[in-house]
Amino acid sequence: MKIEIIGWLSVFWAMQVLAHCLFKYGSTLSARHWLGFVAGNAVGVLSILVLMKLYQFMQVNVAGALALGGGFLVAQLSIALVFSQNLSVWQYMGLAMVASGMMLVSATGREEEAAGVPKKGEGSAPVEAPETVIEPAEMQQ
């Protein structure tokens, strides 16, 4: 995986963690509700620009799986650490399944690229159909 992709993924994940922490912070006291809501959504909206940047580097389904799945993973673990929320064994198993799904989707994307499947907009030039001339019936006689 290119270092540039890892960088953009890391930025997206960090923004997701920040947004989730702001939402949780805003939910602790009613006086902070709107501050957490507005700030969390501002960070979340800006993170979509990073996701759109990731779409330029890889297949959309792979970018979505890595960005959104990874964002979910790091947000859950960060919330658990920052706000002292204990996760159950079942929740850790669920996080492991999400990580497994991310690996499966990203491995599938690499196989298609390695197999020579061109990305949209890539490949050879379009093949032009040969010109066919059909003569009128009178000229055929």
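We did not get these values from a lab; they are worked out from the coordinates using the rules stated. Just so it is clear, the model here is predicted, and its values are computed rather than measured. A quick note on method: Cβ atoms are made from the backbone with ideal geometry, for glycine too, and the neighbour counts reach across all protein chains shown.
Quick look at the values:
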item	result
Stokes-Einstein D in µm²/s, Kirkwood radius over Cα pairs - region 3-114 at 10 °C with 1.306 mPa s viscosity	106
Loop-located trypsin sites (Lys or Arg not before Pro) in region 1-83, at most 11 other Cβ atoms within 10 Å (DSSP)	Lys2
Stretch gain in nm, segment Leu46-Ser10, where the contour uses 0.36 nm per residue and the Cα spacing is subtracted	11.6 nm
Loop-resident sites, region 4-64, for chymotrypsin sites (Phe, Trp or Tyr not before Pro), counting at most 16 other Cβ within 10 Å (DSSP)	Phe57
